[in-house]
Structures are given as structure tokens and as C-alpha cells.
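Down below is the structure, laid out as C-alpha cells.
The values are calculated or read from the model by the stated rules, or taken from the named source; none is laboratory data. This one's a predicted model, so the numbers in the text were calculated from it and none came from an experiment. Virtual Cβ from ideal backbone geometry, glycine too; neighbours counted across all protein chains shown. Please note that ligands, DNA and RNA were not included when accessible areas were found on the heavy atoms of the full protein model with its side chains. Shrake-Rupley method; radii C 1.70, N 1.55, O 1.52, S 1.80 Å.
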Amino acid sequence: MKVLLLYPEFPDTFWSFKHALKFIDKKAGTPPLGLLTIAAMLPHGWEKRLVDVNIHPLQDSDLEWADWVMISAMVVQRDSAHELILRAKKAGKIIVAGGPLFSTEYESFPLVDHFVLNEGEITLPQFLMDYQHGSMKRIYTSDEHPDLEKTPAPLWELADLKQYATMSIQFSRGCPFNCDFCNITVMLGHKPRTKSAKQLISELDGLYQLGWREPVFIVDDNFIGNKKILKEEVLPALIEWRKGKVGVPFNTEVSINLADDKKLMEMMVQAGFNEVFAGIETPNEESLVECSKKQNQNRDLVQSVKTIQRAGMEVQGGFIVGFDSDTESIFEKQANFIMKSGITTAMIGLLQAPTGTRLYDRMKKEVRLLGEMTGDNGDGSTNIIPRLDLAVLKRGHQRLISYLYTPKAYYQRAKSFLQTVQPPKVQIYLDWNYIRALFRSIVSLGIKGVERVEYWKLFFWALFKKPSIFPQAITLAIYGHHFRTLAEQLFKEKLPDLFPLE
């Protein structure tokens, strides 16, 4: 059996980093972890080939080679998925689909022969068993959540690793919280399930032996969902693993209550975590109550962010406007909060209701659904009818994004963060890609860019005042270029009226 593992194209989005990747000669941010893991579950002896169209275009020869085409995608990859499925079907191939997009929208893909949905550790063996007996069904689904200690390591050798900026690995699935707009618990449950520390170290060893020295993103939706196992097993193992090694800084996703646990933060930094993403959502307490974001309620969110920064980790933040409790003042409140917190990477979107969530059910009951989500959290779209006038909401979102990614506002946040943060325990491995990125940033941002004045101010401040964070400063400058370019593409209209800061 010859299986073509096919990964659709990501559009130009907040997290694509397409305008930053060119500085380091990379084509994509992360590899398709789900497909590489599924590949490891397929029978030994089967031939497997990965085509990530973000890296290499799909060739006719790839389709001619394959017996099956197995495709996985997220919602934001919907359009590319349709195109690739049509092409594979015209080539006469059997198409097997799975992943988040198909789990919620499989009825929209009539050309797919078989859907292997939910968690593949459960449904893929069922599909393969039926294949052996010649009795394959069209849809395989399960509410059962597998034991991750039985999940195999991804087949990294199928991917062209040098084309990616970051590698992805997974430690846990599930989240203990119950935010009403989040579909993670719908898909993966409330009880965090984890791999063993031994598994995690084995996967890291595999990457390191392949020559990987650049960042590793632990893709858990809440890495700190099970703090006990982190403190007692996983972080001590990571700290030990790191001895004698160079590079490989970590980043992951956490809940903001990380700020309440000094020991946990210290251990994460010692293990090599330089960045964490947290869903902060809003400074509006009423909106936090509305969406059941209990872990964010009744706390000084700015100080929580600063606490994590002082421990040695950058905080990247997710923000939402358009809750029912929001008034027209929310845009200025969000601007002031983000500026005060020093969060440079601030993803801000309109409230959306993913299928299966409590928010979706409420919007459906109130006849406030507008159709399907785009899957892009930063494009200014929504699939619900908000309480705020939609035109007011969209214009406020546009003003907010346009302001926060002006050179002056962005570089002000970057310097605020760099003044707060402790130098990272694990630096980026500075190979020739990063040396070239420095010189490219000088040309593109320092000479040709609209941000050149702010760029040079940050450049020389970091170089002479805090040289240990100089690589971070340049990285943030390059990220800012991506965010600003994306904002300009999304919002063609110039908006001169900016937010007054407190």
C-alpha cells in the first residue's frame, strides 16, 4: 500500500508568520504533527510520502504514485482542502480525511471516501481492521479518549525539517477549564491526558539526533493542565535532558494562572521555556464572567502577565472583542491593557462560535448564527450576530489592530517587555540563517522600512543596554513586520484616529 499524506495550504494569517519566515529562509512555521503521528500508526511495510503544500506543491507524480490520499486540516485550511480533494478525486484516488476541519464539517466534503474522525488512536485501528476485511465504512467516529502513553512518536523522517522554523510535539490533550467559546474540551475532554516523561524525552532525542537545534513548540492547549506531573516528572526530566545540549528553546500554551505558581514558572524557565501563549481575552470582568473564563476572573491581569515576564518568559496573548457585555469602550480598554502589559504578539479577533461549543448552542437558540467560521482568529470576521452594532464592532477592531501594530506602539511594547524579562536560559541557536536574518532586518526594517527610526532605537538600546536579549529584540522586530504587513493587507483604509493611552 502506498499512502500519500497531504497537508493543505495555510492562508496568510496571524500565526502563519509568512512575512517573517522569509528572513530566515523558511517556508512554514511548523510541520503537520497530526499527519506525521498518523503515519506512525499505519502498518509497517506500507510506503508513506508526505506532501505539505506549504513547502512543496502537489505534483501529478505524487498522485500517480499513491493508492490512498490521507488528508488532515484545520478550519482555516478549508479552501485549500477542497481544492486538493477535488484534484485527488479527479486522479481517481481513494481519499481518507481526518482532523479538526473534517470532524466538524465532514458533510461539506462529499468527495471524501472515508472519514477517520476524532482521536486517531481510537478510530484509525477500526478503519484499518475494516480495510483488512474489505468492509470499510464511510465515517469512523468515537467519543472515547485514548491513553496517550500508547501514542507513537511522529515519523519526522517524512518531513523536510530544514524548511520549518519550529518543530511541534505534543505532551497532553484536554483542558480542565470550561470557556464557553472553546471547542478544545468538546473534542478532547476536560481531564488532561498526558504522555509519559520518557515518551517526551524520546521524541526530543529523535529530533536532536536529526540535527534539530531550533525552537520546539509543545502544542498542548494547556500545558499546565496537570501541574503535579509537570513538577514531579516532566520538568525535572526536561531539565536533565537539556544538560550538555545547545539550542532547542521551548514554547507552549498555558492558562494565565501560571502566574500564581512561582515554582512552576522557575522550573519551566530552567527547562528552557522562553515563550508562552495565554488566552487573556479581555480586561472586561463582565465579559470574563459571561464566557465562564474563571481562571482569568478577579485578578490583576496586567500584573499576572508581568509576573510571567519577570520569571523569564514572553507572554503572547489571545484577545477577543464582541462579547455581549462589551460596549464601545472595549477597544480603548483593550488597547490600554495590551500597551501596559508589554504583550507584543497580541492576536485580537471578533468573538466566534465554533460548532459544538456552549456558545454555539446559545447563539443557535437565540437565532444569532451567521454561518461557518473562517478559522482565522484575526481576520475581523465572526459567525454570530453581536450585541454591538456589527459595523461598529468591525471598525473598532480595525482601529485597534491598526493602532497596536503601528511602529511606535509596537516597539514601545517590545521595549517594555525586554526591560521586564530576564535573559533566556536557552538562547536561539544562532546558525547562518539567523545571522542572515539580522542583516536582512537591517536592510528591510532599518533602511527601507517605515519603522526604521523605532528599529534603530530598539537595536542600539538592546545591543548596549541589555545585550543578552539582543537576539530577542531582532526577532520581535521581524515579528512586528509580519503583523504590520498583515494588518495593512486586511485593512486598506487609513485610520488616523488612534487611542489615547492612560
Here the range 212-222 yields Karplus 3J(HN,Hα) values (6.51, -1.76, 1.60; θ = phi - 60°; whole Hz; Gly and Pro given as x) of 6, 10, 8, x, 10, 9, 8, 7, 3, 6, 8
CD proxy at 222 nm, helix term only [per DSSP H run n ≥ 4: -39500 (n - 2.57); per residue of the chain; nearest 500] | -11500 deg cm²/dmol
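On average, how much area does the Cα convex hull of the range 351-502 cover when viewed from any direction, in nm²? Mind showing how you got there, number by number?
Details: hull surface 49.4 nm².
Reported value for the Cα convex hull: 12.4 nm².
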Using alpha carbons only: equivalent-ellipsoid semi-axes of the range 46-203, gyration tensor based, whole Å = 26, 20, 17
Can you send over the carbon and sulfur percentage of the accessible area for the chain, probe radius 1.4 Å, protein chains only?
-> 53
Packing-based order for 69-81, 262-274, using average beta carbon neighbours within 10 Å, highest first = 69-81, 262-274
Only residues of the range 192-219 count here: report those whose backbone N is under 15 Å from the spot 7 Å along Cα→Cβ of E157, or say none.
-> 206-211
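How much length would be gained if the chain were fully extended between L128 and W65, taking 0.36 nm per residue of separation minus their Cα-Cα distance, in nm to one decimal?
20.6 nm
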If you plug each phi of the range 192-202 into the Karplus form 6.51 cos²θ - 1.76 cosθ + 1.60 with θ = phi - 60°, what whole-Hz ³J(HN,Hα) values come out, in order, with x for Gly and Pro?
-> x, 9, 10, 7, 7, 4, 4, 4, 4, 5, 4
For the range 125-197 and the range 70-105, distance of Cα centres in Å = 17
Using the heavy atoms of the protein chains alone and a 1.4 angstrom probe, what is the accessible area of the range 1-115 per residue in square angstrom?
-> 40
What ratio of Cα Rg to 2.2 N^0.38 Å holds for the range 383-459?
-> 1.55
With point charges of +1 on the Cβ of Lys and Arg and -1 on the Cβ of Asp and Glu, referenced to the Cα centre of the chain, which listed residue (S329, F102, M136) lies farthest in the positive direction of the dipole?
-> S329
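Students often check this: by mean Cβ neighbours within 10 Å, which of 455-462, 48-55, 146-153 ranks highest, and how do the rest follow? Display every interim value, and only then the final one.
Working: 455-462: 18.0, 48-55: 20.2, 146-153: 14.5.
Top of the packing list down: 48-55, 455-462, 146-153.
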The range 105-118 - phi-based ³J(HN,Hα) in whole Hz, Karplus 6.51/-1.76/1.60, Gly and Pro as x = 10, 4, 5, 8, 10, x, 7, 6, 7, 9, 10, 10, 9, 6
Placing +1 at every Lys and Arg Cβ and -1 at every Asp and Glu Cβ, with all other atoms neutral, what dipole size does the range 371-478 have around its Cα centre, in debye to the nearest 20?
-> 520
Relative to the present Cα-Cα distance, how much length would full extension add between E47 and V186 at 0.36 nm per residue of separation?
-> 46.7 nm
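Calculated FRET efficiency, D324 and D260, Cβ-Cβ r, R0 30 Å, to nearest 0.05? Don't skip to the end; give the middle numbers.
Numbers: r = 28 Å, r/R0 = 0.95.
Rounded to the nearest 0.05, the efficiency is 0.60.
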Using a 1.4 angstrom probe, figure out how much accessible area the range 259-404 has per residue, in square angstrom, rounded to the nearest whole.
-> 37
Using the structure shown, list the pairs from K137/K191; K162/K425; K22/K466; K243/K294; K18/K415 with a Cα-Cα distance above 32 Å, or answer none.
-> K243/K294
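Report for the chain the percent antiparallel among DSSP-assigned beta bridges with both residues inside it, nearest 5. Before the final figure, lay out each step's value.
On the way: 3 of 45 bridges.
In the chain, approximately 5 percent of DSSP beta bridges are antiparallel ones.
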Along the dipole axis of the range 299-423 (charges at Cβ: +1 for Lys and Arg, -1 for Asp and Glu; origin at the Cα centre), the most positive-end residue among Y405, M373, G356 is Y405
Consider the candidate values (1) 23.1; (2) 36.6; (3) 28.5; state which one is mean projected area of the Cα convex hull in nm² computed from the structure displayed.
-> (1)
